[in-house]
1. Filter segment 121-178 down to residues that are among the hydroxyl-bearing types (Ser, Thr, Tyr) and assigned to a loop (DSSP other than H, G, I, E, B) and give me whichever is nearest to LEU11 (Cα to Cα).
2. Would you be able to tell me the number of residues in segment 25-46 that are charged (D, E, K, R), assigned to a strand (DSSP E or B) and surrounded by fewer than 20 Cβ atoms within 10 Å (Cβ to Cβ)?
3. Tell me, which residue of segment 48-80 that is polar (S, T, N, Q) and in contact with a strand residue (DSSP E or B) (Cβ under 8 Å, 6 or more places away or on another chain) is modelled with the lowest pLDDT?
4. So the check is Cβ under 8 Å with 6+ separation or different chains; which pairs have a first residue in segment 111-122 that's closer than 14 Å to VAL35 by Cα and a second one that's aromatic (Phe, Trp, Tyr)?
5. Of the numbered conditions (1) surrounded by fewer than 17 Cβ atoms within 10 Å (Cβ to Cβ); (2) of a type outside the set (A, V, I, L, M); (3) in contact with a helix residue (DSSP H, G or I) (Cβ under 8 Å, 6 or more places away or on another chain); (4) farther than 22 Å from PRO41 by Cβ, PRO131 fails exactly one; give the number of that condition.
Amino acid sequence: MTVGSDYLKFLKNRLEKISWPEALPKNSGMAAVLVALCRDPDSGLEEILLIKRSGEPGYHSRQIAFPGGFKEKTDADVLKTALREAEEEIGLRVSDVEILGKLPLEMTVRNILIFPWVGRIELPYNFILNPREVDKILFLSVDRLIEEGLSPIESPGKIRGESLGIKVGDELVWGLTARILKKLRELLLKG
């Protein structure tokens, strides 16, 4: 299956139907991520931007993720959180992101509520990586995500159990990031 030129319109229509509950769990933290979609100017392929977190000590050290992080008191809302974090981590200016909508909420094993936003950016882009937070940027083809999907894997992290995963180059995408990719894939497959 090849992503057609109108897939963004199709996806935006699907994203508009997603709503988040008004009443949120009281004892959970809040974080937001940006699922950034872009077209490779050389190949013409639609891609999803991912980051490899740096090796700095932390719970998600060296994992593949979306730009994002915890909501701060100065963030007006969780969309501002996702955009602020993307700017801090990879130098993506707010004015360069077209927000298409939101994906269903996710909850981490550490009781953190994740608000995933889907946005569109234009490539080429002069990304400026924050070396304390990001080691590198990776791209996953939307076509590949749709065609292959995610496979069951044994979680390589601190919390053992079964997860979903997909390889991007030599890197394994798993855990929360894989679950968000699965939701994106499901929306794109609905016809």
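The values are calculated or read from the model by the stated rules, or taken from the named source; none is laboratory data. For clarity, every value in this text was computed on a predicted model and none was experimentally measured. Here the Cβ positions follow ideal geometry from the backbone for every residue, glycine too, while neighbour counts run over all protein chains shown.
1. Within segment 121-178, the subset among the hydroxyl-bearing types (Ser, Thr, Tyr) is 125, 141, 151, 155, 163, 177.
Right, trim to assigned to a loop (DSSP other than H, G, I, E, B) and you get 125, 155.
Numbers: TYR125: 23, SER155: 29 Å.
Residue satisfying both the conditions and the ranking: TYR125.
2. Initially, segment 25-46 is screened for residues charged (D, E, K, R), giving 26, 39-40, 42, 46.
With assigned to a strand (DSSP E or B) added as a condition, the list becomes 39, 46.
Narrowing further to those that are surrounded by fewer than 20 Cβ atoms within 10 Å (Cβ to Cβ): 39.
So the count comes out to 1.
3. Keep residues of segment 48-80 that are polar (S, T, N, Q), which gives 54, 61, 63, 74.
Pick out the ones that are also in contact with a strand residue (DSSP E or B) (Cβ under 8 Å, 6 or more places away or on another chain) and you get 54, 61, 63.
Details: SER54: 94, SER61: 69, GLN63: 93.
Looking at the filtered set, the residue picked out is SER61.
4. Correct list of pairs: PHE115/TRP20; PRO116/PHE66.
5. (3)
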